[in-house]
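Worksheet: the structure to be examined is printed underneath.
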Amino acid sequence: MLVRELEQQVQELERRNAELRRELAERAREAEASRVAEAELRLMVDAMPQIVWIARPDGWHVYFNQNWMDFTGLTLEESLGDGWNPPFHPEDRGAAAVAWEQATRTGERYEIEYRLRRFDGSYHWMLGRAIPLRSDSGEIVKWFGTCTDIEELKQAQARIGDQARLLDLTQDAILVQDLEHRVVLWNQGAERILGWSAEEVRGRSLVQLIAPDGDQLASVMDRLLERGEWSGELTVVDKAGAEVVMEGRWNLLRHDDGTPRAALAVNTDVTERRRVEAALLHALEARATHDTLTGLANRALLFDQLELLLGQRHRTGVAVAFIDLDAFKSVNDRWGHRAGDQVLVHVAERLRETIRQGDVAARIGGDEFVVVGAADDPETALRLGERLADAVAGTTVVEGREVAVSASVGVAFVGRDEVVGADDLISRADSVMYDVKRHAAGGAGIEDAPAAGGARPA
């Protein structure tokens, strides 16, 4: 009986011993697996390009991967606890500490940019991030964090910022639109010229903004897609609805595979330049057809207008009044040519005020003026001459002095059926003017008949 009990106890001990050996072997396998997993994890963490760290719930750092030591030059022992803080840039250290304290207090995600000192004393921009590991009950167990070197990104952003500032310094309107005409980029030059801010236009149709009809921009885009570039002049409207003339230089932007993706446009506002050019052209044209001193038509324009009038098929009669100032030479001799010019300008103004719509007043040289207009008969033509003589007669102030002004006017008339050239008609009026000046200076006269050679005074 006793032997049997002993045998049973031995068997039980052997069974328990076997179970213990199996349990120990299982634990050994688990420990080895854990060791291997931890080694693999450390190897993986050390192979990561980022700095990796682990902290307790209260923020006390308990682990850094090798990248931290390689970057900062600190040992692991120097870095644990709160030893991680000294490498921070003095200007960023306080903000980083406050952000980390707030994260550990609230359990919120930690993310901040700061500068971290390298082992060689230089600073690199870092993006620091950390998230908490929580238990099933929601308690924070650990913090896992990374530091990512973003120095190259910061430098690229700085270069882009410099380029953006350069874009904004230029007076040109620089913009980028996609192939659907949606605005992608809009610099301050575009804001100044066209009135819209970048926030107002981004994503909106360029056609709807500055080219309501769309035809001009559609043509530009067709040429751009065909040739890859376009240059020319565009007339668009600004935010206030005013027309803006721009010289554009457009280039097609492409994807890496060569397919078109957007259009880059550099536009120079030439509105004022075109206005000045138009004014200059008008002035040049005026100088070619008008007297520069008085602004009246010159000899060339007078003859063109008179020939045109005489050549009309169903014209009325035509009157030509030749006007010559009396005693004008004495004004120049006594007070100088500047005073004489003032008298001529005064006479021109009086003629402009007197002639009818459709009449042409011209200065053809010196103190000689000619007025051409329609007339039904010689009496009407003579009345035109009389009005002109009366208009010129009077006084004007020159260099602070009153100067008497008068003119002798000779009138020639050609009926609707008479054929005569402009030269002949003006010569006839000139001849009559000399007759008037000899016999009744300061008045007007008209020829009796083209063949008579005399003048009939008013």
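The values are calculated or read from the model by the stated rules, or taken from the named source; none is laboratory data. This one's a predicted model, so the numbers in the text were calculated from it and none came from an experiment. Backbone-built Cβ (ideal geometry, glycine too); neighbour counts: all protein chains shown.
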In segment 352-382, anything within 47 Å of the chain's Cα centre (by Cα) and within 18 Å of Thr289 (Cα to Cα) is listed as Arg352, Gly358, Asp359, Val360, Ala361, Ala362, Arg363
Within segment 114-131, the residues that are charged (D, E, K, R) and within 12 Å of Thr146 (Cα to Cα) are Arg129
Do the conditions hold for Thr395, that is, is it among the hydroxyl-bearing types (Ser, Thr, Tyr), more than 11 Å from Thr354 (Cβ to Cβ) and outside any strand (DSSP E or B)?
no
Here the residues within segment 68-85 that are free of Cβ contacts under 8 Å to residues at least 24 places away in the same chain and either exposed (fewer than 13 other Cβ atoms within 10 Å of the Cβ) or not aliphatic (A, V, I, L, M) (or both) are Thr75, Glu77, Glu78, Ser79, Gly81, Asp82, Gly83, Asn85
Given (1) of a type outside the set (S, T, N, Q); (2) buried (at least 17 other Cβ atoms within 10 Å of the Cβ); (3) at pLDDT 90 or above, Ala455 misses just (3)
Across segment 119-176, which residue is modelled with the lowest pLDDT among those that are hydroxyl-bearing (Ser, Thr, Tyr) and not in a strand (DSSP E or B)?
Thr170
Identify the residue in segment 415-452 that is surrounded by fewer than 18 Cβ atoms within 10 Å (Cβ to Cβ) and among the β-branched types (Val, Ile, Thr) and, among all such residues, is modelled with the highest pLDDT.
Val420
Of all residues in segment 308-326 being of a type in the set (A, V, I, L, M) and farther than 14 Å from Val409 by Cα, which is modelled with the highest pLDDT?
Val318
Answer from Leu388, Leu384 - the residue that is surrounded by 22 or more Cβ atoms within 10 Å (Cβ to Cβ), part of a helix (DSSP H, G or I) and out of contact with any Gly (no Cβ under 8 Å at 6 or more places or on another chain):
Leu388
Mind checking whether some residue in segment 225-246 is modelled with pLDDT of 90 or more, among the charged types (D, E, K, R) and in contact with a Gly (Cβ under 6 Å, 6 or more places away or on another chain)?
yes
